[in-house]
Amino acid sequence: MTSISTIPLSAVCATAARAPALTEARWLSADVEALFALSLMDLLFRAQQVHREHFDANELQLSTLLSIKTGGCPEDCGYCPQSAHFDTGVEASKLMPLQEVVEAARAAKAQGATRFCMGAAWRSPKARDMERVAEMVREVKALGLETCMTLGLLDAEQAQALDAAGLDYYNHNLDSVPEFYRQIIGTRSYQDRLDTLAHVRHAGIKVCCGGIVGMGESRAQRAGLIAQLANLDPCPESVPINNLVQVEGTPLAGVEPLDPFEFVRTIAVARITMPRAMVRLSAGREQMDEALQALCFAAGANSIFYGDKLLTTSNPQTARDRALFERLGLKTRT
Ligand code: SAM
Ligand code: DTB
Ligand code: SF4
């Protein structure tokens, strides 16, 4: 076990730096691995300290997801039920009509969500899609919700168009470290992802960027993912940590599930290395019990996907989530 005192306190991501001298600080994978190697209690203590310095530790932010264009995706991401390369039983659909999206957003707001995230199973949006998704952003925003979209790769012009429509966040995950990424995705490169993130950042849209664990990666690779995210300059405002939802028919169905405490560690390390980011306990909650979710909140997760469905797979029922918030004394951001 690493001792709690050996981890450099100076290595905070740029947006969290309090003194100009710290903006040069970068996380080395070895330092992030040293955090993973702490005893769970020491790691939780560190994560709690950082969390409470920047956030109300009793408050959760709720985001609701909607798949606005499902399945038939040309990409071959080995974890994804929506890829046309795998037979998962997910039916491909066309882009959802505007009014259905607005209705779903209205319902999400009525349930208590503050952000509405719209996802499309595209490699990247086509020119004809852009005006339609921009309209969705405008209408959802008009309901008083924050907007987020995840539409695949974007060029600079597309990012600017989404910014002009008023999009608050764009979600695009790094998913893993480059060396593991190459084993699970062949149709797009890590650099493609970094380029999209740069376009989003330059357009002035807030960045939502995280990854998936539980895909059979090593601890060093999990640490490497967190280092990649924390070293984005500036750091993402929002960091979804997904635990692989294994879907029959995908190449990753059947991998050894991650030790639940290792998932908690990943959340805690994300919190410590990205102190000001919203860390979202994302996919995989349906497969977790309440005690494990509570540990994730104690480790610094302060946001969840809220609503009965993620994109194609299930998420805890809202009534069950509300009962959990009540039991834990958590309030939700309004
Ligand atoms: N097509 C777009 C893209 O890939 O950028 C947006 C949607 S894609 C489903 C968004 C993210 O969902 C992926 O980057 C991945 O992190 C996560 N995801 C997809 N399938 C998952 C699964 N089975 N379990 C956990 N996370 C998953
Ligand atoms: C993210 O990091 N996780 C969400 C959201 N961003 C788009 C998606 C999770 C998808 C889980 C599999 C599914 O439901 O299809
Ligand atoms: Fe397509 Fe996104 Fe799924 Fe990859 S993760 S197959 S890009 S929907």
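The table below lists the values:
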read-out	value
Residue in region 162-173 that is of a type in the set (Gly, Ala, Ser), over 22 Å from ARG280 (Cβ atoms) and in contact with a helix residue (DSSP H, G or I) (Cβ under 7 Å, 6 or more places away or on another chain) present	yes
ASN302, sole failed condition from (1) within 12 Å of ligand 2 (Cβ to nearest atom); (2) out of contact with any helix residue (DSSP H, G or I) (no Cβ under 6 Å at 6 or more places or on another chain)	(1)
Elements of type strands (runs of 3 or more DSSP E) contained in region 231-334, each with 2 or more residues being open to solvent by 10 Å² or more (accessible area, probe 1.4 Å) and within 16 Å of ligand 3 (Cβ to nearest atom)	238-243
VAL177 vs. criteria touching a helix residue (DSSP H, G or I) at 6+ places or on another chain (Cβ under 7 Å), β-branched (Val, Ile, Thr) and within 16 Å of ligand 1 (Cβ to nearest atom)	yes
Residue match in region 294-306 (condition: touching a residue at least 12 places away in the same chain (Cβ under 8 Å), more than 16 Å from ALA57 (Cα to Cα) and within 15 Å of ligand 1 (Cβ to nearest atom))	yes
Filter pass, ALA227 being open to solvent by less than 10 Å² (accessible area, probe 1.4 Å) and either within 12 Å of ligand 1 (Cβ to nearest atom) or under 12 Å from SER176 (Cα atoms) (or both)	yes
Cβ pairs under 7 Å, 6+ apart, first in region 165-181 and free of Cβ contacts under 8 Å to residues at least 12 places away in the same chain, second more than 13 Å from ligand 3 (Cβ to nearest atom) and part of a helix (DSSP H, G or I)	TYR181/TYR190
Some residue of region 44-62 being away from ligand 3 (no atom under 16 Å from the Cβ), among the polar types (S, T, N, Q), open to solvent by less than 30 Å² (accessible area, probe 1.4 Å) and within 22 Å of the chain's Cα centre (by Cα)	yes
Helices (runs of 4 or more DSSP H) lying entirely in region 116-218 (those with 1 or more residues that are touching a Leu at 6+ places or on another chain (Cβ under 7 Å), open to solvent by 10 Å² or more (accessible area, probe 1.4 Å) and over 29 Å from ASP308 (Cβ atoms))	190-203
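The values are calculated or read from the model by the stated rules, or taken from the named source; none is laboratory data. Since the structure is predicted, the reported quantities are computational estimates derived from the model, not experimental observations. Cβ sites come from the backbone with ideal geometry, for glycine too, and all protein chains shown count toward neighbours. Heavy atoms of the whole protein, side chains included, go into the accessibility calculation; ligands, DNA and RNA do not. Shrake-Rupley method; radii C 1.70, N 1.55, O 1.52, S 1.80 Å.
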